[in-house]
Amino acid sequence: MPKKKAKDRQGVGEKTEGTVSRRTVLKTGAVAGAVAVVAPNIITSTVQAQQSVPIPLAQCNANPDLIPHTPFKDELPIPFPAIDHPLSPQPQEVANTPAEADRDNHQRWAQFTPAHITTELEARPGLHTFHSDFGPSYIWGFNGRYPGPTVLGRYGQSNIVRFRNSLPPNGDNTFGVPEITIHLHNGHHGSESDGFAGDFFPSGRYKDHLYPNVYAGIEAFPNQNPGGNGVGDAREKMGTFWYHDHRQEETLPNNVMGLNGMYIVYDRTDPGHEHPSAGSLQLPGIYGVTDIPIILTEKRFCALDAQGRNEMVNAAGGDKWVVNGKIQPRFTVRNRKYRFRILSTGPTTAQWDLRLRHGTTGAVETMTCIATDANFLEHPVPVDDSPANAGNTNAITGNVINTPGAIRVNVAERYDVIIDFGKYTPGTQLYLTDVRSQRVNVGNVFPGLPSTFNIGNVLMRFDVIQREPSFPADTPPIPQTLCTYPPICEPDTTFTWRFDRDPIGTVPRRFLINGRDFDVDVPQHCIIKNTCEEWFIDNNTGQLPSGPTNWAHPVHIHFEEFRILKRFANIGGVLTEVPVPPLTAGRKDVIKVEAGEAALIRMQFRDYLGDYLIHCHNMGHEDAFMMVHWVIVPDAAAKALCDAEIAKANAEYEAKMRGEEV
């Protein structure tokens, strides 16, 4: 079994309250100011979350009964931006113990401080209403909200985020665990700020994360970028991140409870406004107005209880689809272009095959993908089911298209898409759909939909209206070149990560990587800083032709982005190379490998040292030990010591598995 770190479990630090007001949102800049003026549906209320929240009467477990809801009754909410405010005590390079949880010293502290923005995100209970037909539900959220506040940053301007744990330490009739460690997926920063799964800390403590908001390649490109964008290789630009709890063995329950949110970083190409400034691509870009997060999950609910609440079922999966914290909402759009930053927070096996459907004809309409996993594509990719664009879908198993015209979003993936509502007359309704079905009412009845889909397939509705003169004018056509990627690095070495399971009959039957489960103290691979490696991601292909396990794995690699060179699939019992779809040919940090599939990727390791993770982002799998860590070391001598440590630990582990004393 994995070891649990003993540190950070004793002692209670001073508890402070994050300060949030509508006035101080202006400190986050012009983007948030525009949001406050133009976007009335943005989540602004904090009163309910700041009050004492009664705990659930009992733990809500599996509920087989249908709780009906009225589709499109609620407007899509927009998570409010995090607020820039001073932190007390002031952040330090060394941990502010005992109030701050133990951590390694911040790397590059002198280079990236004082921080331009400081904010606090406090994990605490709150009440959230997922649908206006329902009573409120007890959640854990950052600042008591679900989803958490969106952190808005800018390249060249560092952020320090204080993650404070104010969760109930003695239990609250939920399956959440009040110990947290927060990962910014997939930031380029020190390992001490990466939310390593074993570095969780208890209620009453906090931890400061230094996010420099820099491009990868700090050392190779120290003064590369004009226009105030800071250091690093601008070709490594990323935009759409998300933060979430990553506590070992408890990532799933704590994320189901609500501990996640979005983090967006702007630069001169994507500045957070739509003016024709130097270098800007002039994409839809006003947060909460024309640049909209779409945060997806699924939940189940128990019947209304004596407190007048519909509590969340304490389990993965669900029969209700939730977008930005609302079940089947509507969103009013003007007849112009919008950008949607789509994120799946999982937590487990669900994959969303998203299509935009016309409300009258049922036709699959065009969504133009501009970014995958926070990285611009070099060229926009239109996705629909027309002959010209049918091959652009990533809803593929092996070499077979499963859902024509769809963008498949797996757990933790992000896809930025632009929808041009200017093509539609005011009064048009469009629907974002999946091939699966949620439970809406008895028989999933909803009059007026075309025959090509039913109300159970719908995540949300878009209602097109005429743009008012006061609303921002449309942006120019999407540029045909969005960025230029850096060259794919030449590998210094190769390595294989094998994702598999214990043999049938093993109790417990664990999910494993290279035959090992998570050990906080021992890495499974050592990498010299400033090298390039080629990795083979193998989902149990070694069992061919007798057949693989049936599990697919969305594999996430922390810290650096990779490029997919080749894909392989089990076709007729033979591992066969298959094409890399356009939507996965760009820079990525999550790769879905179906059962018996594999991929060849390449990536660099720059700028920082320390422990980082590779794991299946099916949170049930990573909690069942399908996670290991690798370490970046400074030189060959350090690598030799690291390799020796791994060899010794693996020999001891194998001896224990044979029942031998070590």
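The three principal axes of the Cα atoms in the range 291-339 give end-to-end lengths of 46, 22, 14 Å, sorted in falling order. Taking 20 °C and 1.002 mPa s as conditions, the range 454-518 diffuses translationally at an estimated 109 µm²/s according to Stokes-Einstein applied to its Kirkwood radius (Cα pairs). Near the amide H of Gly141, within less than 5 Å, lie the amide hydrogens of Arg124, Gly126, all on another chain or at least 5 residues away, with H placed in the peptide plane. Short-range pairs are left out: with C-alpha atoms under 8 Å and at least six residues apart, the relative contact order of the range 164-218 is 41 percent.
Expressed as a whole percent, the accessible surface of the chain that belongs to carbon and sulfur atoms is 54, based on a 1.4 Å probe. Projecting the Cα atoms of Pro382, Val440, His556 onto the charge dipole of the chain, computed from C-beta unit charges around the Cα centre, puts Val440 farthest toward the positive end. Note that the range 533-637 carries a Kirkwood radius of 14.7 Å, evaluated over its alpha carbons pair by pair.
What pairs in Lys299/Lys326; Lys237/Lys639; Lys529/Lys639 have C-alpha atoms more than 19 Å from each other? Exceeds cut-off: Lys237/Lys639.
Under the simplified labelling scheme, the Ala647-Val442 pair shows an inter-label distance of 7.0 nm, with each label point 7 Å from Cα along Cα→Cβ.
Just going by the charge dipole of the range 458-498, with Lys and Arg at +1 and Asp and Glu at -1 on Cβ, which of Pro472, Tyr485, Phe495 is farthest out on the positive end? Selected residue: Phe495. Averaged per residue, the range 533-595 has 33 square angstrom of accessible surface, using a 1.4 angstrom probe with ligands and nucleic acids left out.
Counting only aspartates and glutamates at least 8 places from Lys648 when in the same chain, those with an alpha carbon closer than 13 Å to its own are Asp521.
Less than 5 angstrom separates the built amide H of Ile465 from those of Val333, Arg334, Asn335, Gly427, all sequence-distant by 5 or more or on a different chain. In loop segments of the range 401-441 as defined by DSSP, the trypsin sites (Lys or Arg not before Pro) with at most 13 further C-beta atoms inside 10 Å of their C-beta are Arg436.
The share of alpha-carbon pairs in the range 397-456 lying farther apart than 15 Å comes to 68%. The mean sequence separation of alpha-carbon pairs under 8 Å and at least six residues apart, normalised by the residue count of the chain, gives a relative contact order of 13 percent. Normalised by the number of residues in the range 261-307, the mean separation of alpha-carbon contacts (under 8 Å, six or more apart) gives a relative contact order of 24 percent. In summary, the convex hull built on the alpha carbon positions of the range 355-485 has an orientation-averaged projected area of 10.3 nm². Overall, the chain carries a charge dipole of about 1520 debye about its Cα centre when +1 sits on the Cβ of Lys and Arg and -1 on the Cβ of Asp and Glu, all other atoms neutral. Excluding ligands, DNA and RNA, the accessible surface per residue across the range 289-380 is 21 Å² with a 1.4 Å probe. Highest mean packing first, where packing is the average number of other Cβ atoms within 10 Å per residue, the peptides 531-542, 103-114, 177-188 line up as 177-188, 531-542, 103-114.
Kindly identify the range 164-253 as rounded, prolate or oblate by the Cα gyration tensor criterion: order the square roots of the eigenvalues as a ≥ b ≥ c, call it rounded if a/c is under 1.5, otherwise compare a/b with b/c, prolate if a/b is larger, else oblate. Note, shape of the range 164-253 comes out prolate.
Projecting the Cα atoms of Thr119, Pro147, Phe130 onto the dipole axis of the range 77-153, where Lys and Arg carry +1 and Asp and Glu carry -1 at the beta carbon, places Phe130 farthest toward the positive end.
With protein chains left intact and a 1.4 Å probe, residues in the range 598-662 average 40 Å² of accessible area per residue.
Taking a ≥ b ≥ c as the square roots of the eigenvalues of the Cα gyration tensor of the range 578-662, is the shape rounded (a/c under 1.5), prolate (a/b larger than b/c) or oblate? Cα axes put the range 578-662 in the oblate bin. Could you tell me what a quarter of the Cα convex hull surface of the range 264-371 works out to, in nm² with one decimal place? Projected over every direction and averaged, the Cα hull of the range 264-371 covers 9.7 nm². The chymotrypsin sites (Phe, Trp or Tyr not before Pro) found in the range 602-644 include none that occupy coil by DSSP while having at most 16 further C-beta atoms within 10 Å. If the only charges are +1 at each Lys and Arg Cβ and -1 at each Asp and Glu Cβ, what is the size of the charge dipole of the range 218-355 around the Cα centre, to the nearest 20 debye? So the dipole magnitude of the range 218-355 works out to roughly 700 debye. Distance between the C-alpha centres of the range 610-662 and the range 330-383: 38 Å, rounded to the whole angstrom.
What you get for the range 541-662, charging only the Cβ of Lys and Arg (+1) and of Asp and Glu (-1), is a dipole of about 540 debye around the Cα centre.
Size of the range 339-397 from its Cα atoms: along the principal axes, largest to smallest, the extents are 33, 28, 27 Å.
The trypsin sites (Lys or Arg not before Pro) found in the range 257-312 include none that occupy coil by DSSP while having at most 14 further C-beta atoms within 10 Å. The calculated pair-distance distribution of the range 237-317 uses every alpha carbon pair, bins of 5 angstrom beginning at 0, and gives 3, 12, 16, 15, 13, 11, 11, 9, 6, 3, 1, 0 percent.
The values are calculated or read from the model by the stated rules, or taken from the named source; none is laboratory data. Since this is a predicted model, take the numbers as computed values, not measurements. When we count neighbours, we look across all protein chains shown, and the Cβ atoms used for this are built from the backbone with ideal geometry, even at glycine. Each accessible area value is taken on the protein alone, full model and side chains, heavy atoms only, with ligands, DNA and RNA left out. Shrake-Rupley method; radii C 1.70, N 1.55, O 1.52, S 1.80 Å.
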